[in-house]
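J.: Please find one structure pasted underneath; my questions will follow.
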Amino acid sequence: MPGLGSTSLRSKHVRLIAVAYFVSAAGCSTGTPNSGGSAGESGVGGAPGGGAAAASGSADASGPSDSVAQKYAGDFPIGAAIGGWHLDNLSAILERDFNHLTCENAMKTAPIHPAEGTFDWAEADRIADYARAHGMKLTGHTLLWHQQTPAWMFAGVTAGDASSLELLKSRLKTHIEAVMDRYADVVDNWDVVNEAISDDPKKIYRDASEMSKWYELFGSEEYVYWAYRYAHDALEAKSAGSSRGKLYYNEYTVTLKVDKILTMFDWLKNARGIQVHGVGFQSHESLRWPGTSDLQSAFDKFAAAGYQVKISELDVTVYDDYSTGTFVPSPVVVLTPELEATQARRFQSLFDLYRQNKGLITSVTFWGISDDRSWLNNAPVPGRADYPLLYNAAHAPKQARGAIMNF
Ligand code: XIL
């Protein structure tokens, strides 16, 4: 993996991605139901090989037993991150191939809690009701993140000022209690905190230089503790013992951050009395990074320390913007059958690895269903069509889908 796997390169990479989706996230801060993210996410990814495939989401199923979720039923749930758009347009695929859901945006703080004390439950309720009706569970994504957090959360709070910090803590507590209370019956795991670890190898925690208002105002990682404290207590208050197994931490480029994440888990457990139960590997992968042996080592370290693992945001980009050693956006590609086959082999080897770790992995979730609705169409290069999912832009199954069914 020359170049690409190096820590500094990956750090630059993820920073750029972070900037790109931060910008796109700003468009969601009003929390429009059904937005499924920034408006720009639709309409890109002009259907390679699209032809006459159905827009209704019916795809070309070859029978009711041809289901990814059923194929993996003995291993782990197969999830999809969705918005209202997917319920309207891809329900047949959703019901056939998936048995677990994540709200791609609808449960994040800005969309669901747009003004202090004002909640917009519409889209998250719709997804939760769909899950309840279909016997599926949800991932609660996410209770605290440095992105897609509305400005009111931080308004009037000054770093170093104890009383205004109490205001921030009480807002966080209110938010966490409200969201958990509404969805506790249908959420089986919560991304309590998302992306608190630094990309900088010299630092453990993401701070103000990496856009964390939480770190900046608290002046430390202490906010992480409060998020887990409030989440734990909110579930336990509803039903004793009900938080067990459900409190996760979610992160990208986890193979580079394992030790830092374990340091944070140790601190939470030993210094703060909070047991985190598992880690989400976002798994926004490229065709060649990270290698499966690095992933296996990371799984092993979490397993040895007693944590569960989930694959929380899987997609495989066809671009390689770091082949020269610095960020040079790859030119736009067409998804040829050869490129699709290369991607299918990559998905197959990832799923081979996941199955080998099925006792550890609690779910595998794709960050979307079809290529026309992927966040990667706007990150790290806005407007560049990517092809990272199991279905193409015409909603027909890609070779990748066949590959992960082939065992
Ligand atoms: C992304 C959504 O897919 C976009 O629609 C939105 O504009 C920005 O956020 N890591 C995460 C996810 O934890 O919440 C992000 O989702 C992708 C990266």
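Readers should treat all values here as calculations from the given coordinates under stated rules, not as data from a laboratory. Bear in mind the structure is a predicted one, so any value in this text is a computation, not a measurement. Glycine also receives a Cβ, built like all others from the backbone with ideal geometry; neighbour counts cover every protein chain displayed.
J.: Hey, can you rank 180-192, 231-243 by average C-beta count inside 10 Å, highest first?
T.: 180-192, 231-243
J.: For L339 and A303, what does the FRET efficiency come to when R0 = 41 Å and r is the distance between their Cβ atoms, rounded to the nearest 0.05?
T.: The formula returns an efficiency of 0.75 here.
J.: Between A133 and K203, what length comes free when the chain is fully extended (0.36 nm per residue of separation minus the Cα-Cα distance, one decimal in nm)?
T.: Value of the extension gain: 20.7 nm.
J.: Here's a follow-up. Which of Y252, Y225 has the fewest other C-beta atoms within 10 Å, and how do the rest follow up to the most?
T.: Arranged by neighbour count, lowest to highest, Y252, Y225 become Y225, Y252.
J.: Give me the dipole magnitude in Debye, nearest 20, for segment 187-293 about the Cα centre, with unit charges on the beta carbon: positive for Lys and Arg, negative for Asp and Glu.
T.: Computed about the Cα centre, the dipole is about 220 debye.
J.: For a label point 7 Å from the Cα of T174 along Cα→C-beta, name the residues of segment 107-130 whose backbone N is under 11 Å from it.
T.: 115-119
J.: With +1 assigned to the C-beta of every Lys and Arg and -1 to the C-beta of every Asp and Glu, and no other charges, what is the dipole magnitude of segment 209-365 about the Cα centre in debye, to the nearest 20?
T.: Using Cβ point charges on Lys, Arg, Asp and Glu, segment 209-365 gives about 640 debye.
J.: Ok, one more. To the nearest 20 Debye, how big is the dipole of segment 86-230 about its Cα centre, given +1 on the beta carbon of each Lys and Arg and -1 on that of each Asp and Glu?
T.: The calculation lands at about 180 debye.
J.: Okay, moving on. Per 0.36 nm of contour for each residue apart, how much would the distance between D320 and R272 grow if the chain were fully extended, relative to their Cα-Cα spacing?
T.: Full-extension gain reported as 13.2 nm.
J.: Would you be so kind as to identify which of S163, Q147, W190 lies farthest towards the positive end of the dipole of segment 121-206, taking Lys and Arg as +1 and Asp and Glu as -1 on Cβ and the Cα centre as origin?
T.: Highest projection toward the positive end goes to S163.
J.: How high is the relative contact order of segment 322-407, given as a whole-number percent (alpha carbon pairs under 8 Å, six or more residues apart)?
T.: 32 percent
J.: Another one. Could you check the spin-label model distance between Q356 and D66? Points 7 Å from the Cα along Cα→Cβ, value in nm.
T.: Taking the two extended label points, one gets 3.0 nm.
J.: Counting other Cβ atoms within 10 Å of each Cβ, which trypsin sites (Lys or Arg not before Pro) in segment 312-366 have at most 13 and sit in a DSSP loop?
T.: Answer in residue order: K358.
J.: Gain in length, D161 to E222, computed as 0.36 nm per residue apart minus the alpha-carbon separation, to one decimal in nm?
T.: Roughly 20.5 nm would be gained on extension.
J.: How would T317, T158 line up from fewest to most surrounding beta-carbon atoms within 10 angstrom?
T.: Fewest-to-most ranking of T317, T158: T158, T317.
J.: Something else: What pairs from K238/K260; K108/K203; K108/K260; K202/K246; K246/K358 go past 22 Å between their alpha carbons?
T.: Going by Cα-Cα distance, K238/K260; K108/K203; K108/K260; K202/K246 fall outside the 22 Å limit.
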